[in-house]
Amino acid sequence: MQLLELTPAEIAFLAAPAAASDGLRERVGGKLAATLSARLRLPVQLAAHPVDAPAAAPAAPHWLPDAALATLWLTRRLGGRRVMGATPFVPPTLIQTLDAALAESWLDAKAQATLSSAFAWRITAASTQATLAVQLPHHTIDMTRWAREVIRHA
């Protein structure tokens, strides 16, 4: 049996970047914005931010919030209104909240055929500007296993 030549339209489809087609970044970004707005009790806006791919993929998602986000989280969760200074650590409750939002977004997805290695967002909340990034495993099976475990323990 002889194979037919690919048409230009088929070549263009196959050459298109796969990660952009699944909308995972947008789904997660929307879920994170809603979750952070509710937990911080103020409007939070997220915008996609460029990020470099990590050299090696982690076994589970790895969050990289900056000091501004950690400080905003601590201040608002403890009842404060004005964000001042910078916290030297990332609160575990912030990571747990981010994990739950990512796990729900992942498990709600209809098709999980592709997985980018990292996402980042620029966060605007009141007068605070922060950056949040996440590094993801390369394999969808690892991501699904992780998400189920997070939801099971939430």
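The values are calculated or read from the model by the stated rules, or taken from the named source; none is laboratory data. Note that the coordinates shown come from a computational prediction; the quantities given were computed from them, not determined experimentally. Backbone-built Cβ (ideal geometry, glycine too); neighbour counts: all protein chains shown. What goes into the accessible areas is simple: the full protein's heavy atoms, side chains included, and nothing from ligands, DNA or RNA. Shrake-Rupley method; radii C 1.70, N 1.55, O 1.52, S 1.80 Å.
Under the condition of being farther than 13 Å from Thr128 by Cα and of a type outside the set (Ser, Thr, Tyr), which residue from segment 75-89 is least open to solvent (accessible area, probe 1.4 Å)?
Gly80
Say we look at segment 28-59 and pick out the residues that are within 12 Å of the chain's Cα centre (by Cα), open to solvent by 30 Å² or more (accessible area, probe 1.4 Å) and among the small types (Gly, Ala, Ser); which of these is nearest to Thr93 (Cα to Cα)?
The selected residue is Gly30.
Among all residue pairs at least 6 apart or on different chains, which show Cβ distances below 6 Å where the first residue, located in segment 60-86, is in contact (Cβ under 8 Å) with a residue 60 or more places away in the chain and the second is open to solvent by 20 Å² or more (accessible area, probe 1.4 Å) and among the aliphatic types (A, V, I, L, M)?
Trp63/Ile95; Pro65/Val90
Give all pairs with beta carbons closer than 6 Å in which a residue from segment 22-46 that is in a loop (DSSP other than H, G, I, E, B) meets a residue that is open to solvent by less than 60 Å² (accessible area, probe 1.4 Å); count only pairs at least 6 apart in sequence or on separate chains.
Cβ pairs passing all conditions: Asp22/Thr114; Leu42/Ala125; Pro43/Ser37.
Quick one: what pairs do we get from segment 128-154, first residue free of Cβ contacts under 8 Å to residues at least 60 places away in the same chain and basic (Lys, Arg), second surrounded by fewer than 20 Cβ atoms within 10 Å (Cβ to Cβ) and assigned to a helix (DSSP H, G or I), C-beta under 9 Å, 6+ apart or different chains?
Within 9 Å, the pairs are Arg148/Leu107.
What number of residues within segment 90-119 satisfy the criterion of being assigned to a loop (DSSP other than H, G, I, E, B), farther than 21 Å from His138 by Cβ and open to solvent by 20 Å² or more (accessible area, probe 1.4 Å)?
Number of matching residues: 1.
Based on what the data block shows, is Arg122 more than 19 Å from Ala33 (Cα to Cα), open to solvent by 70 Å² or more (accessible area, probe 1.4 Å) and either in contact (Cβ under 8 Å) with a residue 12 or more places away in the chain or among the polar types (S, T, N, Q) (or both)? Explain how you work it out, then say what you get.
Values: more than 19 Å from Ala33 (Cα to Cα): no; open to solvent by 70 Å² or more (accessible area, probe 1.4 Å): yes; either in contact (Cβ under 8 Å) with a residue 12 or more places away in the chain or among the polar types (S, T, N, Q) (or both): yes.
Here the answer is no, as Arg122 does not meet what is asked.
Among the residues of segment 60-89, which ones are at pLDDT 90 or above, of a type in the set (Gly, Ala, Ser) and either farther than 14 Å from Ile123 by Cα or assigned to a strand (DSSP E or B) (or both)?
Answer for segment 60-89, where residues must be at pLDDT 90 or above, of a type in the set (Gly, Ala, Ser) and either farther than 14 Å from Ile123 by Cα or assigned to a strand (DSSP E or B) (or both): Ala60, Gly79, Gly80.
Could you please find all residues in segment 93-110 being at pLDDT below 90 and of a type in the set (A, V, I, L, M)?
Ala109
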